[in-house]
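Peer 1: Handing you this structure, nothing more for now.
The values are calculated or read from the model by the stated rules, or taken from the named source; none is laboratory data. What you see is a predicted model; the values in this text were computed from it and never measured. Ideal geometry is used to build each Cβ from the backbone, glycine not excepted, and the neighbour counts take in all protein chains shown. The protein model used for the area step is the full one, side chains on, heavy atoms only, and it has no ligands, DNA or RNA in it. Shrake-Rupley method; radii C 1.70, N 1.55, O 1.52, S 1.80 Å.
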Amino acid sequence: NKLNFLISVERKQLLVEWNQTEVDYRKDQTIHELFEEQVERTPENIAVVFEDQELTYRELNERANKLAYYLQSLGFGPETLVGLCMDRSPEMIVGLLGILKAGGTYVPIDASYPENRLSFIFEDTELTILLTQNHLGSKFFNPKTRSKGKTIKHIFRIDSDWKITRKMPSKNPTSNASHDSLAFIFY
């Protein structure tokens, strides 16, 4: 036997009406361009909340822009694969958005993966850039990490290397990414 706690009108509202969250948006824009439009509309609204940290859309955008300019200064091109190995945090969002704004493709890496799985990911993607945090970068990765004979050339520890980006512009960067560019690769 089934007990219905909701009348049909309430059930329809709960299951259908409240779940109609589809929104029209331009399909010819990138993720970061859609984000930049939101920054223009609501720069002081809260974009990220994590534990006791908050970032406004403006703050998140400016930090991601600085990171994007730094990545571009490394010779970063369209669809450059970048490893992203971070704990959940506002910095992880900055990293992800910075990669996309620079025109790149992020490859999320879980530091808890077994060593052979991590080696496979590095070999398969031929990563040369890694964004991480001090405690993860020191424990799991070092400049000698190999991928098909290539060395990871750049390891950016977002919590200690951030000073490198201070002089980078905070305005939106130009990237060659398009709406059909590769945004991520999941393993």
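Peer 1: When you check residue 61 against the structure, is it under 18 Å from residue 106 (Cα atoms), open to solvent by less than 50 Å² (accessible area, probe 1.4 Å), modelled with pLDDT of 95 or more and in contact with a Pro (Cβ under 7 Å, 6 or more places away or on another chain), yes or no?
Peer 2: Spelling it out, it is not the case that residue 61 is under 18 Å from residue 106 (Cα atoms), open to solvent by less than 50 Å² (accessible area, probe 1.4 Å), modelled with pLDDT of 95 or more and in contact with a Pro (Cβ under 7 Å, 6 or more places away or on another chain).
Peer 1: Further question: Select from segment 147-187 the residues that are modelled with pLDDT under 90 and over 30 Å from residue 58 (Cβ atoms) and write down the one among them that is surrounded by the fewest Cβ atoms within 10 Å (Cβ to Cβ).
Peer 2: 149
One line per residue, one yes/no per condition, for (1) open to solvent by 20 Å² or more (accessible area, probe 1.4 Å); (2) modelled with pLDDT under 95; (3) on the phi < 0 side of the Ramachandran plot:
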{"site": "67", "(1), (2), (3)": "no, no, yes"}
{"site": "83", "(1), (2), (3)": "no, yes, yes"}
{"site": "108", "(1), (2), (3)": "yes, no, yes"}
{"site": "111", "(1), (2), (3)": "no, yes, yes"}
{"site": "120", "(1), (2), (3)": "yes, yes, yes"}
{"site": "128", "(1), (2), (3)": "yes, yes, yes"}
{"site": "134", "(1), (2), (3)": "yes, yes, yes"}
{"site": "139", "(1), (2), (3)": "yes, yes, yes"}
{"site": "145", "(1), (2), (3)": "yes, yes, yes"}
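Peer 1: Filter segment 26-57 for residues that are of a type in the set (A, V, I, L, M) and either loosely packed, with under 12 Cβ neighbours inside 10 Å or farther than 25 Å from residue 104 by Cβ (or both) and give the result.
Peer 2: In the first step, residues of segment 26-57 are kept if they are of a type in the set (A, V, I, L, M); the result is 31, 34, 39, 46-49, 55.
Correct list: 46, 49.
Peer 1: Same structure again: List the pairs whose first member sits in segment 74-88 and is more than 22 Å from residue 111 (Cβ to Cβ) and small (Gly, Ala, Ser), whose second member is modelled with pLDDT under 90 and open to solvent by 20 Å² or more (accessible area, probe 1.4 Å), and whose Cβ atoms are under 9 Å apart, counting only residues at least 6 apart or on separate chains?
Peer 2: 77/176
Peer 1: Also: Restricting segment 1-25 to residues that are charged (D, E, K, R) and under 30 Å from residue 38 (Cβ atoms), which is surrounded by the most Cβ atoms within 10 Å (Cβ to Cβ)?
Peer 2: Result: 17.
Peer 1: Hey, can you tell me all the residues within segment 46-70 that are hydrophobic (A, V, I, L, M, F, W, C) and touching a Ser or Thr at 6+ places or on another chain (Cβ under 8 Å)?
Peer 2: Result: 46, 47, 50, 67, 68.
Peer 1: Quick check: is even one residue across segment 96-115 hydroxyl-bearing (Ser, Thr, Tyr) and touching a residue at least 60 places away in the same chain (Cβ under 8 Å)? Before you say what the answer is, go through the steps one by one.
Peer 2: The initial filter retains those residues of segment 96-115 that are hydroxyl-bearing (Ser, Thr, Tyr), namely 105-106, 112-113.
Those still in the list that are touching a residue at least 60 places away in the same chain (Cβ under 8 Å) too: 105-106.
Within segment 96-115 (the criterion being hydroxyl-bearing (Ser, Thr, Tyr) and touching a residue at least 60 places away in the same chain (Cβ under 8 Å)), the answer is yes, since at least one residue qualifies.
Peer 1: While we're on this one: Would you check if residue 23 is of a type outside the set (S, T, N, Q) and at pLDDT 95 or above?
Peer 2: On the way: of a type outside the set (S, T, N, Q): yes; at pLDDT 95 or above: no.
For residue 23, the condition - of a type outside the set (S, T, N, Q) and at pLDDT 95 or above - is not met.
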